[in-house]
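Below is one structure, written out as structure tokens, with a few remarks after it.
The values are calculated or read from the model by the stated rules, or taken from the named source; none is laboratory data. Small disclaimer: the values here were computed from a predicted structure and weren't measured. Backbone-built Cβ (ideal geometry, glycine too); neighbour counts: all protein chains shown.
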Amino acid sequence: MITSTIWRHGGVVAQARDLTYELVAGPGVLQLHVRDHGQPADVSQASAQLVLQGKGAPQQVVLAPVGPGLLEARGSFVLAPGSKVVAQVRGKTQSSSLRFVLP
């Protein structure tokens, strides 16, 4: 797994197998961009469950496909710099477990 703090959408990056995942946390929205060799991956049959570990109790969030290479959830999320996010992504043919640390 590779992590970084800056990528295409300004998020945190992790890599599993041949896919690159970028977690972007904004006010009221969490996005997971999924790319396969630089191109948006087919996530039409994918889902992701995130566990947000920051201040207070862990929060579980389910992301759903909203476009090519993009899973998203909207709501109220408790995140701060240093928060840890554990993601379980399930696709049509493979599953991945990822860990992110927000800058």
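Only one of the numbered conditions (1) surrounded by 14 or more Cβ atoms within 10 Å (Cβ to Cβ); (2) at pLDDT 95 or above; (3) polar (S, T, N, Q) is violated by GLN53, and that is (2).
Selection of first residues in segment 34-46 that are within 15 Å of ARG90 (Cα to Cα) and of second residues that are modelled with pLDDT under 95 and surrounded by fewer than 14 Cβ atoms within 10 Å (Cβ to Cβ), restricted to Cβ pairs under 6 Å at least 6 apart or on distinct chains, gives the following pairs, ordered by first then second residue: GLN45/LYS92. Among residues belonging to segment 78-100 that are surrounded by 14 or more Cβ atoms within 10 Å (Cβ to Cβ) and of a type in the set (S, T, N, Q), point out the one that is farthest from ALA14 (Cα to Cα). Top of the filtered list is SER83. Figure legend. Inter-residue proximity from segment 12-30: first residues over 15 Å from LEU50 (Cα atoms), second residues assigned to a strand (DSSP E or B) and of a type in the set (Phe, Trp, Tyr), beta-carbon distance below 8 Å, spacing 6+ or different chains. Indicated pairs: GLN15/TYR21. Cβ separations smaller than 6 Å between residues 6+ apart or across chains give the following pairs from segment 59-76 residues that are buried (at least 16 other Cβ atoms within 10 Å of the Cβ) and of a type in the set (D, E, K, R) to residues that are part of a strand (DSSP E or B) and at pLDDT 95 or above: GLU72/GLN31; GLU72/LEU63; GLU72/VAL66.
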